[in-house]
1. Once phi is turned into ³J(HN,Hα) by the Karplus curve 6.51 cos²θ - 1.76 cosθ + 1.60 with θ = phi - 60°, what whole-Hz value does each residue of region 56-68 show in order, with x for glycine and proline?
2. For I73, what accessible surface area do you get with a 1.4 Å probe? Give it in Å², rounded to 10.
3. If you count only protein heavy atoms with a 1.4 Å probe, what accessible area per residue comes out for region 115-160, rounded to a whole Å²?
4. Determine the share of region 1-121's accessible area contributed by carbon and sulfur atoms, expressed in whole percent, with a 1.4 angstrom probe.
5. From the Cα gyration tensor of region 70-160, with a ≥ b ≥ c the square roots of its eigenvalues, which class applies: rounded if a/c is under 1.5, or else prolate if a/b is larger than b/c, or else oblate?
6. Is it possible to state the helix-based mean residue ellipticity at 222 nm for the chain, with each DSSP H run of 4+ residues giving -39500 (n - 2.57), the sum divided by total residues, to the nearest 500 deg cm²/dmol? What is it?
7. Count the lysine pairs in region 1-121 whose Cα atoms sit under 14 Å apart, keeping only pairs 8 or more residues apart in sequence or on different chains.
8. Ignoring ligands, DNA and RNA, how do H103, H110 rank by accessible area with a 1.4 Å probe, largest first?
Amino acid sequence: MRNYTKQYINGEWVTSTGSKTIDVINPATEEVMGKISSGTEEDLDKAVAAAKAAFPSFSQTSVEERIELLERICQEYEKRKDDIIEVITEELGSPVKRSNKVHYQMGLQHFKQAVEELKTFKFEEERGNTLVRKEAIGVAGLITPWNFPTNQTSTKLASA
């Protein structure tokens with residue numbers, strides 16, 4: 001059984017301030033395939049504070065640095081292909097072939113497409129007499145549905 005009872009906050013896995021867990025049920029077998037930490041308001045506050053503290057420096061990263069970051073994400077994603085397919089199959093009850101061809105591939109392709117878009121994205125452009133500047137404005141909370149985890153998550157993370 002998989003046990004993911006820590007929270008990823010400020011670049012490290014930390015123990016939740018609470019002890020409640022949530023069973024993750026494989027819908028194909030109706031068996032508990034893992035447990036996750038329920039998390040607490042205090043955990044959330046710590047995560048938001050860490051994101052706010054990181055924002056000033058991260059928002060100033062160059063296009064090249066962001067491309068490098070996305071390429072490293074792609075490399076790690078590809079290294080963990082079998083793990084990702086296995087957990088999607090268990091968590092969603094998805095057939096292995098669909099977990100690979102749809103869920104895994106879709107997530108990877110979103111990250112790769114973000115790299116390509118970033119290479120030519122115009123952060124400033126003139127529209128008539130107006131300069132339009134696209135810049136980071138702050139921390140965002142990302143929520144994804146359970147039934148398309150890599151699609152929504154990678155799209156949101158790659159474009160944040």
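1. Taking θ as phi minus 60°, the curve returns x, 7, 5, 5, 9, 5, 6, 4, 4, 5, 5, 4, 4 Hz for region 56-68.
2. Roughly 60 Å² of I73 is accessible to a 1.4 Å probe.
3. Values: 3640 Å² over 46 residues.
So region 115-160 comes to 79 Å² accessible per residue, rounded to a whole number.
4. Answer for region 1-121: carbon and sulfur cover 52 percent of the accessible area.
5. Working: a/c = 3.07, a/b = 2.29, b/c = 1.34.
Prolate shape, in that a/c is at least 1.5 and a/b is the bigger ratio.
6. Numbers: 5 runs with 74 residues, N = 160.
Computed ellipticity for the chain at 222 nm equals -15000 deg cm²/dmol.
7. On the way: K6/K20; K6/K35; K6/K46; K20/K35; K81/K97; K81/K101.
Going through region 1-121 pair by pair, I get 6.
8. On the way: H103 5, H110 60 Å².
Of H103, H110, the descending order of accessible area is H110, H103.
The values are calculated or read from the model by the stated rules, or taken from the named source; none is laboratory data. As the structure is a computational prediction, the values presented were derived from the model and not from experiment. For neighbour counting, all protein chains shown are included, and Cβ atoms are generated from backbone atoms with ideal geometry for every residue, glycine included. Quick note on the areas: whole protein, heavy atoms, side chains included, nothing else; ligands and nucleic acids left out. Shrake-Rupley method; radii C 1.70, N 1.55, O 1.52, S 1.80 Å.
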